[in-house]
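See structure below.
The values are calculated or read from the model by the stated rules, or taken from the named source; none is laboratory data. Fair warning: this is a prediction, and the values are worked out from it, not measured in the lab. In this analysis, Cβ positions are derived from the backbone assuming ideal geometry, glycine residues included, and neighbour counts consider all displayed protein chains. With ligands, DNA and RNA removed, areas are computed over all heavy atoms of the protein, side chains included. Shrake-Rupley method; radii C 1.70, N 1.55, O 1.52, S 1.80 Å.
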Amino acid sequence: MTANIVAALLCYIPFMPQRTNKFQRVIWIVLDSVGIGALPDAADYDDVGRTTLGHIAESRPLKIPMLVSLGLANIAPLAHLASAALPLAAYGKGATHSPGKDTTTGHWEMAGVWLDQAFPVYKHGFPPEIISAFQARIGRKTIGNKPASGTEIIKELGEEHVRTGKPIVYTSGDSVFQIATHEEVVPIADLYKMCEIARELLQGPHRVGRVIARPFTGAAGHFTRTPRRHDYAVDPPMPMLFDVLAEKNIPVFGIGKIHDIYNGRGVSDHVTTSCNSDGMAKLTAAVRERPAGLIFCNLVDFDMLYGHRKDVEGFARSLEEFDAQLTQFLALLTRDDLLMITAYHGCDPDPRWETTDHSREYVPILAYSPSVAQTIPPNPTFRNLGTRSTLADMGQTIAQNFGGTIPHGSSFLDQL
C-alpha cells in the first residue's frame, strides 16, 4: 500500500532540475494535540509516560499510509507501523521551549515567541475576587467556576442556566476563562460583551491565555455547542512571525482558531471551521484560490472531541480520516509549495491516565514539497530533521523562506 502511494505521488511530479529558490507558498497544518512522546520535563507536569500517537497506535493498527509515507513512523516507533525506507518528507520532532502546554504558548512559540513564565491555570476554579468582580460588571451571578469538559458542564449545569439566566463559568487544564450561555437565554452579542469584560479584568497574575465564548443551544438532555465560539486572546510580544511577514507584504490566511490565537495581528484574512473535514475543505479552497503567502490551518477535533474526552477509538478514526483527505490534498501542491504538518502539545486519551488535560509532549514535524519528494537525498538520513529544541524552528524556516527572521529558532530550510 505505502509503495503504491509513493509511486503515485512521484508519477505526477514532472521531472525538473533541483530548484534552489524559495517556496512561493507555505501551508502549515496543525493537528491539534497530536503529540509523539513525553518531553524530558514531563514530570513537572505529571505527564511521565504520556504519548498521544504512541498509545493510539498501540490500541489497534492505524490505517494512515500517507502519513507513514511522509515519515511519521520514522520520527518515533509506533506500534503496527513500519518506518518508510525513503520518506517523501523531511521529518523530525519538536520540543516546546516555553513552560506550559496550552494553545497560546504553543502557537506563540511556533511564531518565535518564548515565554519566561507559563500562563496561569486554575485547577480549583477562579479565586473569589475574580468571580465577584466579573459578576459585578455583568450584573448577574454565575454558576460553575471549576475545571470541566465543555460538553459535560452544559449537561450538568445547562438546565440551571436556562432556568436562572446565570452564565456558566469554567476552565480546564489550559489557561482559559470560558463562559457558556444558551443562545435563546443570552443573546450572542451579550455573551461576547461578557467575554470582553472578562478579558479586561484578567490582567497581571490572572492574565489567562484566552477568554472563550462557548454558546450552546437545544433542550435539556440535548444541549449542543454552536459554531459561534469566539476566542479573546492577548497580544503576542513583537516581533513574531506574522509581523515579519507583514513587513515583507506576505499575506497570511488563517483557518480555524488561528486568527483568535494571535488576536488577529498580521492575519490578512481568515475563516472559522466547524470540524476537521470543514477545515480541510476550506484549506483545499484556499490552496486553489491563494497562490502565494502563508496558509495556516488548525484542525481542532483531535483535541476537542477525542483527546479531552478520552476517546481513543475516535482519535484513531479521526487520524485515518485526515490521512485519506491528505492523500487527495497533496495532489494539489506544486514545486513552489511547502507543506508543514505538526502539533504544539499532546492530549493523550489513554485511560491509564485519569487526567483529561493536555500532555507535555514532543510534536511531529513533517515538511513536504513535490520538489523535496522527487530529490534523491545524498544519504538515507538527510531528510531527518532530528529533535528540534524549540517549536520556533518551524517559524524561523518560514521566515527565512520569505526573506526575514524571527527572535528565536533555527531554520531547517537548507534541508528542504
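With all protein chains kept in place, the per residue accessible area of region 162-254 amounts to 41 square angstrom at a probe of 1.4 angstrom. Report note on the peptides 195-201, 89-95: ranked by the mean count of other C-beta atoms within 10 Å, highest first, their order is 89-95, 195-201. Tell me the label only: which of (i) 53, 50, 39; (ii) 80, 59, 44; (iii) 68, 48, 38 is Cα extents along the principal axes in Å as calculated from this structure? Only one listed value fits the structure, namely (iii).
Ranking request for peptides 303-313, 170-180: highest mean number of other beta-carbon atoms within 10 Å first, then the rest in descending order. Write out the running numbers ahead of the final one.
Values: 303-313: 19.9, 170-180: 23.8.
Taking the mean over residues of other Cβ atoms within 10 Å, the ranking is 170-180, 303-313.
Label sites at SER268 and GLU313, each approximated as a point 7 angstrom past Cα along Cα to Cβ, lie 4.5 nm apart. In terms of the mean number of neighbouring beta-carbon atoms within 10 Å, the peptides 61-68, 362-369 order highest first as 362-369, 61-68. Computed over protein heavy atoms with a 1.4 Å probe, the carbon and sulfur contribution to the accessible area of region 81-217 reaches 52%. Annotation: per residue accessible area for region 15-122 equals 37 Å², rounded to a whole number [probe 1.4 Å, protein chains only].
Could you work out the relative contact order of region 240-376, using alpha carbon pairs under 8 angstrom and six or more residues apart, expressed as a whole percent? Reported relative contact order: 19 percent. A straight chain from LYS141 to ASP414 at 0.36 nm per residue would run longer than the Cα-Cα distance by 92.6 nm. Fully extending the segment from ALA79 to ARG207, taken as 0.36 nm per residue of separation minus the present Cα-Cα distance, adds 42.0 nm. On a per residue basis, region 262-364 carries 36 Å² of accessible surface, using protein heavy atoms and a 1.4 Å probe. Remark: the ALA292-GLU58 segment gains 80.3 nm on full extension, using 0.36 nm per residue and subtracting the alpha carbon distance.
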